[in-house]
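The values are calculated or read from the model by the stated rules, or taken from the named source; none is laboratory data. These figures come from a predicted structure and were not determined experimentally. Backbone-built Cβ (ideal geometry, glycine too); neighbour counts: all protein chains shown. Protein only, heavy atoms only, side chains kept; ligands, DNA and RNA dropped before computing areas. Shrake-Rupley method; radii C 1.70, N 1.55, O 1.52, S 1.80 Å.
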Number of protein chains: 2
Amino acid sequence: MLGLMQDWPLLIHRIIDHAANNHGSQTILSRSVEGPLHTTTYADLRTNALKVAQALERHGVKYGDRAATLAWNTWRHLEVWYGLTGIGAIYHTVNPRLFPDQIAYIINHAESRLIFVDLTFVPLVEALIDKLPHVEAVIILTGSEHMPETTLENAVCYEDWIAAEDGDFAWKSFDENTAAGMCYTSGTTGNPKGVVYSHRSNVLHSMASTAPDMLGIAAADNVMPVVPMFHANGWSLAFSCPLTGGGMVMPGAGMDGASVYEMLETGKVTITAAVPTVWLMLLQYLEKEQKRPTTLKKVIIGGSACPRAMTKTFQDVYGIDVIHAWGMTEMSPLGSLCSLKPAYAGLTGDAKLDVQEKQGFAPFSVEMKITDDDGNDLPWDGKTFGRLKVRGPAISKAYFKGEGGEILDADGYFDTSDVATIDPEGYMQITDRAKDVIKSGGEWISSIDLENLAVGHPDVAEAAVIGVAHPKWDERPLLIIVRCEGADPDPASILDFMAGKIAKWWMPDAVAFVDEIPHTATGKIKKTALREQFADYRLPNTDAAE
Amino acid sequence: MLGLMQDWPLLIHRIIDHAANNHGSQTILSRSVEGPLHTTTYADLRTNALKVAQALERHGVKYGDRAATLAWNTWRHLEVWYGLTGIGAIYHTVNPRLFPDQIAYIINHAESRLIFVDLTFVPLVEALIDKLPHVEAVIILTGSEHMPETTLENAVCYEDWIAAEDGDFAWKSFDENTAAGMCYTSGTTGNPKGVVYSHRSNVLHSMASTAPDMLGIAAADNVMPVVPMFHANGWSLAFSCPLTGGGMVMPGAGMDGASVYEMLETGKVTITAAVPTVWLMLLQYLEKEQKRPTTLKKVIIGGSACPRAMTKTFQDVYGIDVIHAWGMTEMSPLGSLCSLKPAYAGLTGDAKLDVQEKQGFAPFSVEMKITDDDGNDLPWDGKTFGRLKVRGPAISKAYFKGEGGEILDADGYFDTSDVATIDPEGYMQITDRAKDVIKSGGEWISSIDLENLAVGHPDVAEAAVIGVAHPKWDERPLLIIVRCEGADPDPASILDFMAGKIAKWWMPDAVAFVDEIPHTATGKIKKTALREQFADYRLPNTDAAE
């Protein structure tokens, strides 16, 4: 027997309609790529998105077609997302920081028919266009007064393109499982793989992520997504802000400390979100300039683990709550968020920071489990760590065109490739990447825990730990160190510093010094490269063990 | 082209699983019907719900079967809802305050196979059982030590019934549009009609209603639904609390001021919800006993319009925010909620109360419009009033067995039968019931506005306004008054009191005094009865107009 409730598919246009109708005068303040600040409202944003939809139809873009965006966070990028999804076409964000070959690969793999591009990236597209056979037009996100000289044959001025339309358009209707967006994951090996979001997944994810203990966005908030829209579905803020009526502050290309601070203050920002690197730059700027954010209440930090010192500084020096979060491109992206439940709400000082180092608990609609290598469930005791697997309506079941094959286990869980603990309150903590964990005598050692510990040594600028072959234990940890400028620490002093703070059998067997640790395009340590570099490395105590 | 996100139907069991896994130690404190307080947790509630599911299967209850509940808000009632929905069966709440004949009609119309009944209502069921041919067993919600002597042949002791099971059970899987719950609306005319909620509608409604500007429930909250689970889907709090991890405080049968206050304090309640009558009793109790709630932050008031004086007292005397809300059984039930958006957040005093008299703005997933009698959209100017129509995934598209026929307009909107204004910020205000609005010379006069104004007169205990036939204007308002005890106001003094506060042509043409105004079972003025009573009434100025 079925219920007798209305058929109301979860389509993305309903979000911008809701915002325009119920929060029509709420503002979106952007730093334009051309320079000046720009202000619009949800009502006007919807009108322009409707014009985008009309212009797309004029161009012959149809249901299911992809259009790439190479763009910063601005109101125009939002208009493009809503315009595309409003006719069943697909926004396909491309990370401009990837290598040009990867960008070409991604655009070709997605078969994107159009590229929407900020002025910043016109040279990039000019250099690549001959390798992009599917692209029919390049729409430059600016007005005619700023149109650049370009070698692109099919360059279109965005503002002129939409000015030809009147906005008198009805959004298309279709199945809520229709594809809405694409974002390629940049793994450390192999080609990037395309994650394909649906209307349903984006709407459900936004509803779940705006809950009070999650992003907690209200109409009284002004939210600044510093995290780019091309990074992991832009943390879905393009949807969750209008869904709740919160104002938006879009920083454009400016992610340095001075620019972020200016937008925080100008936009009266209450909630902001980005990766730790951005916050490091902001904190350095604030300290140097002796400035303080005056409206900011909450910083959501994800993308990689938030350093304890950063949390402490935000909270103790500036009185701003830090909310540690975790997610993945494949998860739309929110997986967990570390707001403090009653069991932890009374904590202060180090005890509070201990909890805040965890990535937190899952929103409704994310199911988590940790398992051993054989797939058996492991206990939520905060100590046992296992492979972290997730299930939910906004989590990938496959990659575009089937790349990577079958990615779910028998129960439908997606393997995150992370290793984590979960405590009895449901707080998850990433302890390592599954491929980086060191398997020593059948037990697992977290490379990340060792790295975090080692960087606490005053002479250590950066640390990486990899497993190297060991005849008796299979693998043992090697600690690789970049020294602070001018420092010359003794290996023993670093190991002494670590001793007693971890189990004895976790202690690295050796320390190696390097001038630089290689990183991926998104700033993660490239352990594959380190493993290659140290492929012939032999631990000093190996002979004795043999 | 479809997205590549996981298939994860929106099933109700996922809510209790989420709570048990992520907020397992969070408590549900209940006033048991037997007397003592009872505490359980979400983890234990899930276990018992699994046992209910097993016991239902043992009894032969299948997908699509209905089971009635005649029960107060307690943990057992929650267990029954989750147990039933976990196998695709349907909870069918019955309002015990209805007339016995209506109760029999409802249970028979729903063809409920079981009745779950609190001790309070065993005599009621005993009196009706011979008229209930579909009912195979009556499960009495108590332990064996409290089982009553009963004439019921198939009476079962709930605690024994579930104690026979071990809770080792996997929830069933099915289409998310499967029926989950039923609640009959008690109109003032005709037989009650069955609203049928689905798993999808209940899950989406709970996700939408927990947003920060709506119910705003966090894991740190303790929420007391004083509103009974048999009233309008229990305002969906049985789902939205576990979905967010908020604690629950269930008041059982006690809705008087002393009982409500005791549970507010014992349960450290932060958010509570009920109809104005309950709050009137609480405020009288607080004043008489000179007590103050010490943890309560927010009172959600709906079901009928919240009197301005009540809002003022809660806020000014006790420092507790009042959130006016509006909904319908057919809307699962939340339609709008009056939290203060930035445009209104700075208001104080009367200006703030003016806004708080409105029923507020819609959550995401509720679309509203107001139209004239021909279905044309009317402007959102806060003045124009029209028929209020709504659309969304948790709003009825039909009643059970097709009663009442087609209920949606051509665009899929459900007519609420209310008349309302909507202001430019999206704040809706009910001005009348469509059938009660007085149509005078082609213009509409709000009977409710007149009533609210008249009760401000110190000698008026209650007021009702109906339209009576008028040869020139079609209808003109008649003001019907119940005097305060011992008072004997002059009709002219009441009209003088009203004059100048409303448009001149809104002024009632006459005043009639009565000893009592008839009410429906749910406390609303029964205007049909008044119209019958005054069917032969002739306005004093009618002759002159003829």
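Quick notes
- Reported to the nearest whole Å, the Cα centre-to-centre distance from the range B:148-181 to the range B:206-250 is 23.
- Heavy-atom accessible surface of B:LYS51, to the nearest 10 Å², is about 40 Å², with a 1.4 Å probe and all protein chains retained.
- For the range A:54-161: rounded, prolate or oblate by the Cα gyration tensor [a/c cutoff 1.5]: rounded
- Sequence of A:SER259, A:SER236 from largest to smallest accessible area, 1.4 Å probe: A:SER259, A:SER236
- Spatial separation of Cα centroids for the range B:367-407 and the range A:60-95, in angstrom: 33 Å
- Using the Cβ-Cβ distance between B:ASP256 and B:GLU403 with R0 set to 35 Å, the FRET efficiency works out to roughly 0.45.
- Of the residues making up the range B:373-413, those losing 40 Å² or more of accessible area when the isolated chain is joined by the remaining protein chains, with a 1.4 Å probe, are B:TRP380, B:PRO393, B:LYS397.
- Fully extended contour minus Cα-Cα distance, from B:THR150 to B:ALA434, at 0.36 nm per residue: 97.7 nm
- Dipole-positive endmost among A:TYR82, B:LEU128, B:ILE407 within the protein assembly as shown (Cβ charges, Cα centre): A:TYR82
- Spin-label zone in the range A:58-81 - amide nitrogen under 19 Å from a point set 7 Å from the Cα of A:ALA127 along the C-beta vector: A:69-72
- Net charge in the neighbourhood of A:PRO518 (other residues with Cβ under 12 Å of its Cβ; Lys, Arg +1, Asp, Glu -1) is 0.
- Shown for the range B:4-41: residues covered by the partner protein chains by 50 Å² or more of accessible area relative to the chain by itself (probe radius 1.4 Å), namely B:LEU4, B:MET5, B:GLN6, B:TRP8, B:HIS18, B:ASN22.
- Helical mean residue ellipticity (222 nm; -39500 (n - 2.57) per DSSP H run of 4+; nearest 500) of chain B: -7500 deg cm²/dmol
- Between A:GLU443 and A:ASP354, the FRET efficiency estimated from the beta carbon spacing at R0 = 25 angstrom works out to 0.60.
- Computed over neighbours whose Cβ is under 9 Å from that of A:GLY467, the net charge equals 0, Lys and Arg +1, Asp and Glu -1.
- Taking the range B:378-427 and dividing mean pair separation by its residue count, relative contact order in percent (alpha carbons under 8 Å, at least six apart): 54 percent
- Shown for the protein assembly as shown: the carbon plus sulfur share of the solvent-accessible area, taken with all protein chains present and a 1.4 angstrom probe, equals 49%.
- A Förster distance of 41 Å, applied to the separation of the beta-carbon atoms of B:ASP7 and A:ASP168, puts the FRET efficiency at 0.65.
- Computed about its Cα centre, the charge dipole of the range A:249-346 is approximately 280 debye, with only Lys, Arg, Asp and Glu carrying charge at their Cβ.
- Neighbourhood charge, 11 Å Cβ-Cβ cut-off, centred on B:ASN376 and excluding it, Lys, Arg +1 and Asp, Glu -1: -2
- Prolate/oblate/rounded call for the range B:125-238, Cα gyration tensor, a/c under 1.5 rounded: prolate
- Estimated distance in nm for a label pair at A:ASP415 and B:ASP488, the labels positioned 7 Å out from Cα along Cα-to-Cβ: 9.0 nm
- Computed magnitude of the charge dipole of the range B:25-403 (debye, nearest 20; Cβ of K, R +1, Cβ of D, E -1): 940 debye
- Most simply put, the range B:1-144 has about 30% antiparallel DSSP beta bridges, counting only bridges with both residues inside it.
- Between the residues B:LEU98, A:VAL355, A:ALA19, the greatest Cα displacement towards the positive end of the dipole of the protein assembly as shown, with unit charges on the Cβ of Lys, Arg, Asp and Glu, is found for A:VAL355.
- Relative contact order of chain A, pairs being alpha-carbon contacts under 8 Å that are 6 or more residues apart, as %: 10 percent
- Think of the range B:435-545 as having a plus end and a minus end, set by charges on the Cβ of Lys, Arg, Asp and Glu; of B:ILE517, B:ILE480, B:SER440, B:SER440 sits farthest toward the positive end of this dipole.
- Note on chain B: antiparallel DSSP beta bridges, both residues inside, total approximately 55 percent of the bridges counted.
- In the context of the full protein assembly, B:ASP316 retains an accessible surface of approximately 110 Å², using a probe radius of 1.4 Å and ignoring ligands and nucleic acids.
- The stretch between B:THR528 and B:ASP459 holds 22.3 nm of extra length on full extension. This uses 0.36 nm per residue minus the Cα-Cα distance.
- When only Cα pairs below 8 angstrom with a gap of at least 6 residues are kept, the range A:435-545 shows a relative contact order of 24 percent.
- B:PHE230 - accessible surface, heavy atoms, 1.4 Å probe, Å² rounded to 10: 10 Å²
- Contact surface B-A: accessible area buried, both sides summed, square angstrom, 1.4 angstrom probe: 5600 Å²
- Whole-number accessible area per residue in Å² for the protein assembly as shown, which is evaluated in the context of all protein chains at 1.4 Å: 37 Å²
- Taken about its Cα centre, the protein assembly as shown carries a charge dipole of roughly 280 debye when the Cβ of each Lys and Arg holds +1 and the Cβ of each Asp and Glu holds -1.
- Cα gyration tensor category, rounded, prolate or oblate, for the range A:250-320 with a/c compared to 1.5: rounded
- In order along the range A:286-299, the Karplus-derived 3J(HN,Hα) couplings, from 6.51 cos²θ - 1.76 cosθ + 1.60 at θ = phi - 60°, round to 4, 5, 5, 8, 6, 10, 9, x, 9, 10, 5, 10, 8, 10 Hz, and Gly and Pro are given as x.
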